[in-house]
Amino acid sequence: MEMWTVALLVIASLQAAAGSYSLDDSVGLGRRFDGIGGLSGGGATSRLLVSYPEKQRDEILDLLFKPNFGASLQILKVEIGGDAQSTDGTESSHMHTADDMNFNRGYEWWLMTEAKKRNPNIKLSALSWAFPSWVGNGTGSPYTFPVLTSTYVGYWILGAKSEYKLDIDYVGVWNERQYNSTYIKTLRKTLDDMGLSSVQIVAADGNFKDISANVQSDPDLKAAVSILGAHYPGTNSNADAVASGKQLWASEDYSTFNDDTGAGCWARILNQNYVNGNMTGTISWNLIASYYSGLPYYSDGLMTAAEPWSGNYDVTGTIWMSAHTTQFTKPGYHYLQHNHGAGHLDSGGSYVTLMDPDTEDFTIVIETMSHDHSKCIRPDLPQYEVKTQSATFVLGGSLAKATMLSQWKSTLKFEKGDESEYFQKMPSVEVTKGSFTLDLAVDTVITLSTLKGQQKGAFPNIPGSKPFPDSYKDDFNSYDVDSEAKYFADQSGVFEIVDTRSSHAKAMRQVVTSRPITWCSDSNNPITILGNSTWQDVTVQVSVFLENGSKRAFVAARVDRGGCGILLAQGIYFWIDAAGYWNMTSNLIGADSIAFGKYEVKENTWYTLGLTVKGVMVEASIDEKMVTSQTVKTGKGFVGFGMGGFYPGVFDDFSMTATG
């Protein structure tokens, strides 16, 4: 081969690959776009947010929900609290018992209200992970008595409307558990009978395969379900789901550490959920990582806000990858059809076009995320290649009227020392004779739109990060009854503020008195934790009142885990029981006793339990009188307290000091 031929081949190989793509609405529009959202719950993932100083809390909420500012989310999905652990903590039910109804508990009402303040058009969705025991009447299943369960869910939706003027748009069945067709049909009828016919059912928050086949074969089920929702679908649905004619959602997706690779994951699936799977709604688990470092899936949110004591928060790239779609669209837009506005790029990556059918404004989102820089936590991502390329977009139909498109760009950089550039306003792109050409680098996202008015919102002077204070105390008197004390993160059971009508005034009470219908392997011993997962040397003290029927209570240090693994939590636990015995264990189960003894029981008495842990030395006290000193080899972790079973107990005058 002659030298000049070789040279031409080398030059050709270095040039960007070229492709041409038609964007044309004259062939008809594609599926309706339902929105991009975030999930608060599954569980207790927004727990620390409510405790932030008001200034920083408002900034965070603006970055999540304010239109044309930050993530500008279009859907907010929340957990219907079920009194049980659902990943990073428990969320309180509106009905602990069948004759109890209270819509002041928890923080999801507050969060939905704040989201609506910022975006009145945001869609609200709800789903249960767990249920109070009474819903199953002792069977351990929410499906045994479908009318009872659907009425319980209906009351939550009615409470949102009557107490907070919130209209719930969507409701699910049971998170990632086998669905029951009879229950879904019963839920539809119950909601209709309650005047909630506008609430659409999403099913079944597992995979597409089972529910889509069943919907195809059962006309009544098909009539009851509005949206087929799957979790972590890997951008794929199936033929039955598409043939059903139902809207398809990734009703939970992402769940990935929010670094640059996480941003790449989010950018890729936001486009390819539609390109590959015809999905028109994608919801991130989670909305905001506002739970302690040391709990499962830390920082797997669209942003991180886990330090209310400092006010620090982290605005991550996933916020701006959201903005590439959400700031330029609204639910009710339509995707253009595949190969006429949506598809894969020839050299890797994807593009989608979304149009307002009323105004004919349109938005194009292009992504070229490489394999290694866009892996999500699940499922496994098959190998593929993305190359630098040139893409020509030819506009047809009403799109051909456009002459200039605004342009926003994000460039992910992974070389050491390089910093990624997110959501940068770029020069507008001129459309010449109905087309334009772009040079596309790898690991970029570009949005082109006929719309204007977008911005990369920001706030100056975000406070610096600080660890949890080394000294902290709370007498619980500053809170409203039924609320939760700040910084405490319930991991089994639910601890709420009560009025003791005694000299102790307000205190924290464990209120779950029967094992819930669980989602995780919940501990039978309710526990709430606080602080820093790296603490070793601490002193912790709390007063406890064993109510009638209560058997055991404890104070703990070096609790080494939370979430769904709380059952196996190691640490130092100092227990007293109603019969006058104390003991010390190295686990939450309450077995493996390190030491034990007796104390004097007094009628209607508060007892102050104390633990001091330093190195391998542990001292335990009752009413500030040391009852044992032991040598114990343990690790590090949170402090906390709780009960030896699902029965009530009251706690007050908490204090702790960390010395190392």
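The values are calculated or read from the model by the stated rules, or taken from the named source; none is laboratory data. In this text, all values refer to a predicted model and were calculated from it rather than measured experimentally. Every residue, glycine as well, gets a Cβ built from its backbone with ideal geometry; the counts of neighbours run over all protein chains shown.
For residues that are in contact with a Phe, Trp or Tyr (Cβ under 6 Å, 6 or more places away or on another chain) and β-branched (Val, Ile, Thr), scanning just segment 513-570, find the one that is nearest to VAL494 (Cα to Cα).
This residue is THR528.
Can you name the residue in segment 93-135 that is farther than 30 Å from PHE33 by Cα and surrounded by fewer than 17 Cβ atoms within 10 Å (Cβ to Cβ) and, of all such residues, is nearest to the chain's Cα centre (by Cα)?
ASN104
Going residue by residue through segment 379-400, is there one that turns out to be charged (D, E, K, R) and not in a loop (DSSP other than H, G, I, E, B)?
Checked against the condition, which is being charged (D, E, K, R) and not in a loop (DSSP other than H, G, I, E, B), segment 379-400 yields no hits at all.
Could you run through segment 401-419 and say how many residues are over 30 Å from GLY70 (Cβ atoms) and in a strand (DSSP E or B)?
So the count comes out to 0.
Is it the case that segment 572-580 has a residue that's surrounded by 20 or more Cβ atoms within 10 Å (Cβ to Cβ), under 25 Å from MET617 (Cβ atoms), among the aliphatic types (A, V, I, L, M) and touching a residue at least 12 places away in the same chain (Cβ under 8 Å)?
Looking through segment 572-580, at least one residue is surrounded by 20 or more Cβ atoms within 10 Å (Cβ to Cβ), under 25 Å from MET617 (Cβ atoms), among the aliphatic types (A, V, I, L, M) and touching a residue at least 12 places away in the same chain (Cβ under 8 Å).
Going through segment 478-497 one residue at a time, which ones are part of a strand (DSSP E or B) and either on the phi > 0 side of the Ramachandran plot or not hydroxyl-bearing (Ser, Thr, Tyr) (or both)?
ALA489, ASP490, GLN491, PHE495, GLU496, ILE497
All but one of (1) crowded, with 20+ Cβ neighbours inside 10 Å; (2) in a helix (DSSP H, G or I) hold for PRO142; which doesn't?
Only one criterion is unmet by PRO142, namely (2).
Of everything in segment 616-660, what is over 21 Å from TYR472 (Cα atoms) and part of a loop (DSSP other than H, G, I, E, B)? Give them in sequence order.
Once the filter is applied, which keeps residues that are over 21 Å from TYR472 (Cα atoms) and part of a loop (DSSP other than H, G, I, E, B), segment 616-660 yields VAL616, VAL632, LYS633, THR634, GLY635, GLY644, GLY645, PHE646, TYR647, PRO648.
Checking the condition charged (D, E, K, R) and within 23 Å of the chain's Cα centre (by Cα), which residue from ASP356, ASP314, ASP346 passes?
ASP314 is the lone residue from the list that is charged (D, E, K, R) and within 23 Å of the chain's Cα centre (by Cα).
Being exposed (fewer than 13 other Cβ atoms within 10 Å of the Cβ), assigned by TED's automatic domain parsing to the domain that holds VAL559 and aliphatic (A, V, I, L, M), is that true of even one residue in segment 633-640?
no
If I go through segment 537-556 residue by residue, how many of them are in contact with a Gly (Cβ under 6 Å, 6 or more places away or on another chain) and under 14 Å from THR657 (Cα atoms)?
So the answer is 3.
If I filter segment 461-478 for residues that are touching a His at 6+ places or on another chain (Cβ under 8 Å), among the hydrophobic types (A, V, I, L, M, F, W, C), under 30 Å from PHE65 (Cβ atoms) and crowded, with 19+ Cβ neighbours inside 10 Å, do I get at least one hit? Outline the logic, then answer.
To start, the set of residues in segment 461-478 that are touching a His at 6+ places or on another chain (Cβ under 8 Å) comprises none.
Looking through segment 461-478, none of the residues is touching a His at 6+ places or on another chain (Cβ under 8 Å), among the hydrophobic types (A, V, I, L, M, F, W, C), under 30 Å from PHE65 (Cβ atoms) and crowded, with 19+ Cβ neighbours inside 10 Å.
Let's see how each residue does on (1) touching a Ser or Thr at 6+ places or on another chain (Cβ under 8 Å); (2) at pLDDT 95 or above; (3) closer than 24 Å to VAL78 by Cα:
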| site | (1), (2), (3) |
| --- | --- |
| THR256 | no, yes, yes |
| GLN272 | yes, yes, no |
| ASN286 | yes, yes, yes |
| MET303 | yes, yes, yes |
| TYR313 | yes, yes, yes |
| ALA342 | yes, yes, no |
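Which numbered condition in (1) farther than 23 Å from GLY565 by Cβ; (2) touching a residue at least 40 places away in the same chain (Cβ under 8 Å); (3) not in a strand (DSSP E or B) is the only one that GLY610 fails?
Here GLY610 clears every test but (3).
Right, VAL153: surrounded by 20 or more Cβ atoms within 10 Å (Cβ to Cβ) and farther than 18 Å from VAL215 by Cα or not? So that I can check it myself, show each step before the final result.
Numbers: surrounded by 20 or more Cβ atoms within 10 Å (Cβ to Cβ): yes; farther than 18 Å from VAL215 by Cα: yes.
Taking the combined requirement at face value, the residue satisfies it.
Taking the residues in segment 193-212 that are small (Gly, Ala, Ser) and surrounded by 15 or more Cβ atoms within 10 Å (Cβ to Cβ) as candidates, determine which candidate is farthest from THR182 (Cα to Cα).
GLY206
Output the residues belonging to segment 238-286 that are under 29 Å from PRO219 (Cβ atoms), in contact with a Phe, Trp or Tyr (Cβ under 7 Å, 6 or more places away or on another chain) and surrounded by fewer than 24 Cβ atoms within 10 Å (Cβ to Cβ).
ASN238, THR280, listed by residue number.
Within segment 420-477, count every residue that is of a type in the set (Val, Ile, Thr) and in a loop (DSSP other than H, G, I, E, B).
Total satisfying the criteria: 4.
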